[in-house]
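Below is one structure, written out as structure tokens; comments come after it.
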Amino acid sequence: MGDISASLPIRPRQLIRDQVFATLAEEIISGRMQPLEEIRDQDLQAEYGVSRTPIREALNRLADLGLIEVSTNRFTRVAPVDLDAQADRVETAVAMIGYCAVKAVPTYTDEQVASLQGRIDGLLAAGLAEASSREGLSLWYALWGEIVLSAHNQTMIDILDGQLALHLTRTVPAQPVAAELVDFMRTGLEQLRALLERRDGVGVREVIEPLFLRSTIEPLRAAAALAAASASASSDSTRIGRSPGE
């Protein structure tokens with residue numbers, strides 16, 4: 001699990017399809033490629049200077065992850081953000097992080113505690129009002145990812161790194177973080193710092209769960225419900241506007 005706060009440059013030793021995958025994934029999760037934006041093979045071939053085969057392989061991987069949508073002979077495009085699915089992924093991540101905290105935190109060395117406390121300091125220094133930005137999400141992910149790595153459960157590492165990482169760090173349109181929520185997150189991080197110092201894994205889990213719930217899961221569920229209600233109202237309005245013969 002690398003430092004995903006950095007860009008994903010094309011690296012000489014990677015396979016070409018992996019280079020294309022990494023670059024496209026970064027374009028999508030950073031928001032530089034917008035939801036429903038069309039992706040054309042020929043444009044990518046011209047831009048990257050590679051053949052169609054590695055491009056299609058990379059696109060197939062992105063489709064498997066749910067980051068793009070493919071309709072044969074119709075379109076390939078960036079998938080919209082499914083807010084309910086995003087909340088489901090966060091709930092999955094919380095369960096894994098909590099388990100790993102209980103298992104690993106009591107065994108932490110001074111160096112591991114210092115490393116995680118350094119990540120907490122980085123979040124506080126960056127400004128929690130920017131928690132939902134690309135940079136903010138990457139800093140949060142780095143903190144939680146380190147806890148999962150420390151538990152040495154390869155299955156959980158594979159799930160987090162292979163299936164959830166890109167979604168959990170994908171920029172999602174959101175309102176600015178309210179001052180009250182900023183205070184809540186700051187308090188939670190300060191509690192985590194103290195709990196790590198005491199190697200209290202259960203305590204870490206008990207702070208993580210409400211922190212995720214209030215800062216991420218509840219806002220995603222609320223936004224999903226609002227979007228569904230808006231779509232339903234729009235559909236009803238369209239039907240009412242039609243004449244009986246239509």
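Identify the single condition in (1) touching a residue at least 60 places away in the same chain (Cβ under 8 Å); (2) open to solvent by less than 60 Å² (accessible area, probe 1.4 Å); (3) closer than 15 Å to residue 215 by Cβ that residue 96 does not satisfy, given that it satisfies every other one.
Of the numbered conditions (1) touching a residue at least 60 places away in the same chain (Cβ under 8 Å); (2) open to solvent by less than 60 Å² (accessible area, probe 1.4 Å); (3) closer than 15 Å to residue 215 by Cβ, the odd one out for residue 96 is (3).
Only residues that are among the acidic types (Asp, Glu) and touching a residue at least 12 places away in the same chain (Cβ under 8 Å): list them for region 41-93, please.
41, 57, 82, 84, 91
For region 66-87, name all the residues that are within 30 Å of residue 211 (Cα to Cα) and either part of a helix (DSSP H, G or I) or out of contact with any helix residue (DSSP H, G or I) (no Cβ under 6 Å at 6 or more places or on another chain) (or both).
66, 79, 80, 81, 82, 83, 84, 85, 86, 87
Tell me, which helices (runs of 4 or more DSSP H) wholly within region 99-190 include 3 or more residues that are open to solvent by less than 50 Å² (accessible area, probe 1.4 Å) and more than 25 Å from residue 63 (Cα to Cα)?
Numbers: elements: 110-126, 134-150, 154-159, 165-168.
Passing ranges, in order: 110-126, 134-150.
Residue 99: among the aromatic types (Phe, Trp, Tyr) and farther than 29 Å from residue 35 by Cβ, yes or no?
In short, yes.
Sort out which residues of region 25-56 are open to solvent by 20 Å² or more (accessible area, probe 1.4 Å), among the β-branched types (Val, Ile, Thr) and outside any helix (DSSP H, G or I), and write them in order of number.
The answer is 50, and nothing else.
In region 60-71, what residues are under 19 Å from the mean Cα position of the chain (by Cα) and surrounded by 14 or more Cβ atoms within 10 Å (Cβ to Cβ)? Spell out how you get there, then give the answer.
So in region 60-71, the residues under 19 Å from the mean Cα position of the chain (by Cα) come out as 61-69.
The answer is 61, 62, 63, 65, 66, 67, 68, 69.
Residues in region 77-84: is at least one open to solvent by 10 Å² or more (accessible area, probe 1.4 Å), over 14 Å from residue 168 (Cα atoms) and at pLDDT 95 or above?
yes
The values are calculated or read from the model by the stated rules, or taken from the named source; none is laboratory data. Since the model is a prediction, treat every value here as computed from it, not as a measurement. Note: ideal-geometry Cβ built from the backbone for every residue, glycine included; neighbour counts use all protein chains shown. The area values use the complete protein model at the heavy-atom level, side chains included, leaving out ligands, DNA and RNA. Shrake-Rupley method; radii C 1.70, N 1.55, O 1.52, S 1.80 Å.
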